[in-house]
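Asker: Please find one structure pasted underneath; my questions will follow.
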Amino acid sequence: MTWKDDLIIGVPAIDKQHKMLCDAIDRLLDACKSGKGRDEIISTMSFLEQYTARHFHDEEIIHKQCGYPKCVEHKKMHDDFIKKVQEMKQDIIKDGANIVNVGKVNTLIIDWLFSHIKKVDQELEQYVNKK
């Protein structure tokens, strides 16, 4: 899941954070390839909890500052993602770091990258650059 320029949304602080997310995915995918996905999943979940709290907060401040008209809907997407992360963490605590849970985390993060960052977050650039 190497960082690519098509993930750039044009807001440097947010792009930097998105790159951090890509790096975390790369670490998890590399661990999975070498049979160590179960070991890496716990640190990935910890990263996701910290990342989402900080990143979504920062992004939502930018929404307000630039008058982004879809900020309410966007925040709901963030809240839904946080809920999914929490549910997955609970599954891992309950069931252990099994291959099914590792796969679910991989899918969740990769889907989020492609559906949210590349489609939803990229709309933000036009409002930030209007200022």
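The values are calculated or read from the model by the stated rules, or taken from the named source; none is laboratory data. Every value quoted in this text rests on a predicted model; they were computed, and no experiment measured them. All Cβ positions, even for glycine, are placed from backbone atoms using ideal geometry, and neighbour counts span all protein chains on display. Each accessible area value is taken on the protein alone, full model and side chains, heavy atoms only, with ligands, DNA and RNA left out. Shrake-Rupley method; radii C 1.70, N 1.55, O 1.52, S 1.80 Å.
Asker: Which residue is surrounded by the most Cβ atoms within 10 Å (Cβ to Cβ), if the candidates are limited to the stretch 57-69 and must be of a type in the set (A, V, I, L, M, F, W, C) and touching a residue at least 24 places away in the same chain (Cβ under 8 Å)?
Answerer: CYS66
Asker: Scan the stretch 1-18 for residues that are without any contact (Cβ under 8 Å) to a residue 24 or more places away in the chain and either surrounded by 13 or more Cβ atoms within 10 Å (Cβ to Cβ) or of a type in the set (Phe, Trp, Tyr) (or both) and report the count.
Answerer: Number satisfying all stated conditions: 3.
Asker: Further question: With modelled with pLDDT of 90 or more and in a helix (DSSP H, G or I) as the only criterion, which of LYS104, LYS76 stands out?
Answerer: LYS76
Asker: Could you identify the single residue in ARG54, ARG38 that is more than 26 Å from ILE9 (Cβ to Cβ), touching a residue at least 24 places away in the same chain (Cβ under 8 Å) and open to solvent by 60 Å² or more (accessible area, probe 1.4 Å)?
Answerer: ARG38 is the lone residue from the list that is more than 26 Å from ILE9 (Cβ to Cβ), touching a residue at least 24 places away in the same chain (Cβ under 8 Å) and open to solvent by 60 Å² or more (accessible area, probe 1.4 Å).
Asker: Quick check, is LYS94 surrounded by fewer than 18 Cβ atoms within 10 Å (Cβ to Cβ) and in a helix (DSSP H, G or I)?
Answerer: For LYS94, the condition - surrounded by fewer than 18 Cβ atoms within 10 Å (Cβ to Cβ) and in a helix (DSSP H, G or I) - is met.
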